[in-house]
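Quick note: the coordinates plus some simple rules give every number you see, no bench work behind them. Computed from a predicted model, the values in this text were never measured in an experiment. We place every Cβ from the backbone using ideal geometry, glycine too, and count neighbours over all the protein chains shown.
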Amino acid sequence: MSRSPLHSLWNLEGVPFRAVAKHTWRSFLDDNLVGRAAELGFYFIFALFPSLFTATSLLGLAARSASHIYYSLLGYLAIVIPQDAMGTVLETFNQTTAAATGGKLTFGLAAAVWSASVGFSAIQDSLNVVYKVKETRSYFAARFSAIGVTMLLMGLVTLMLASLLGGDFFARLAHVHIYDHFFAALVALMARVFGWLFAVILLSLFFAVIYYFAPDVQRSQWHWLTPGAAVGIVGWLITSLGLRLYVHYFDNYSVTYGSLGAVIILLTWFYLTGLMLLLGAEINSEIEAAAAAKRLLVLEQNSLAAAAAPVHPTLVSAADSSSAESAPKPAA
């Protein structure tokens, strides 16, 4: 079914929350979102390093020390990514950017474009399953859409990390240039709060862009923040921090996976990211489907009520009188 263009998904239009939760859980199992999240995790890790390389290369058009700037930005991913996995990302990033040349830049851009096309195509297929729609876009239209949206998402991630870096930067400036310790601490706190607030807004926009452009629905309505996005964001933060704590306190993955442990952790983090993304889309889809079914039921009830309503006697007598007056008189 196609998406119903609701103005707000927070208004369930009389549909019980329990019914939405029940249908969401049933569709979560029927659509095999656990398996599809694993598929997304593979494509995410496949597109990670070409995308980072491309973002750094594009940033290098404006700043000579782009790799150092982006390295500082990536450090903030350690908030949600386990330390060992983050170390692997940073090490590979340094090796890639250190050996970068003009030819490798061209190859990196081409690889990133292809990775974006394949990776976001997996998101498109998964969300089409979630929304119960078939892909009607042509191959090239779907690929160009995937490339464009992925470039947009890369920009959003860069801005999110930059907002955190900017908050810390202005906080340090406050401590250096403001001599009153209390006022300096207050300004530093406000700078970090605004940085985090802007990052959360961009994270919500990140989810909104995916939910709007990925599924091939006939009619769509832009939503800045939806219940599915809110659940997905909160679930992503909780699962990411939970994985980080697990790796920190139960450091036994290296016994099983050896030198591949850091890669397995990173793949697990991408798996959880894909799972929360799909869960949020499933919630939005079920809300829209339940609201559409509710409106259809109300229309059917109104139609049946109108058909079964008795005709008023006054209207009947008026109709009979009108019929009698309009009837032709017999010839004399």
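A straight chain from Phe42 to His175 at 0.36 nm per residue would run longer than the Cα-Cα distance by 43.5 nm.
The calculated FRET efficiency for the pair Glu13 and Ile201, based on their C-beta separation and a Förster distance of 30 Å, comes to about 0.65. Full extension of the chain segment joining Glu300 with Ala21 gains 97.9 nm, where the gain is 0.36 nm per residue of separation less the Cα-Cα distance. When the Cα positions of Tyr76, Leu203, Leu275 are compared along the charge dipole of region 17-294, Leu203 comes out farthest toward the positive end, with charges on each C-beta of Lys, Arg, Asp and Glu.
Taking amide H as placed 1.01 Å from N in the peptide plane, Val133 has no amide H partner under 5 Å among residues 5 or more places away or on another chain. Full extension of the chain between Leu90 and Ser259 gives 59.2 nm of extra length, using 0.36 nm per residue less the Cα-Cα distance.
Note on region 17-294: with charges restricted to the Cβ of Lys and Arg (+1) and Asp and Glu (-1), its dipole about the Cα centre is near 400 debye. Taking a point 7 Å from the Cα of Asn32 along the Cα-to-Cβ direction, the residues of region 250-290 with backbone N closer than 20 Å to it are 271-283.
The simple spin-label model puts a point 7 Å past each Cα toward its Cβ; for Gln83 and Tyr71 those points are separated by 2.0 nm.
The orientation-averaged projection of the convex hull spanning the C-alpha atoms of region 17-294 amounts to 18.0 square nanometres.
Return the tail of the calculated pair distribution for region 231-303, meaning the percent of Cα-Cα pairs more than 18 Å apart. More than 18 Å apart: 57 percent of the Cα pairs in region 231-303.
Listed peptides 240-246, 123-129 appear in the order 123-129, 240-246 once ranked by packing, highest mean of other Cβ atoms within 10 Å at the front.
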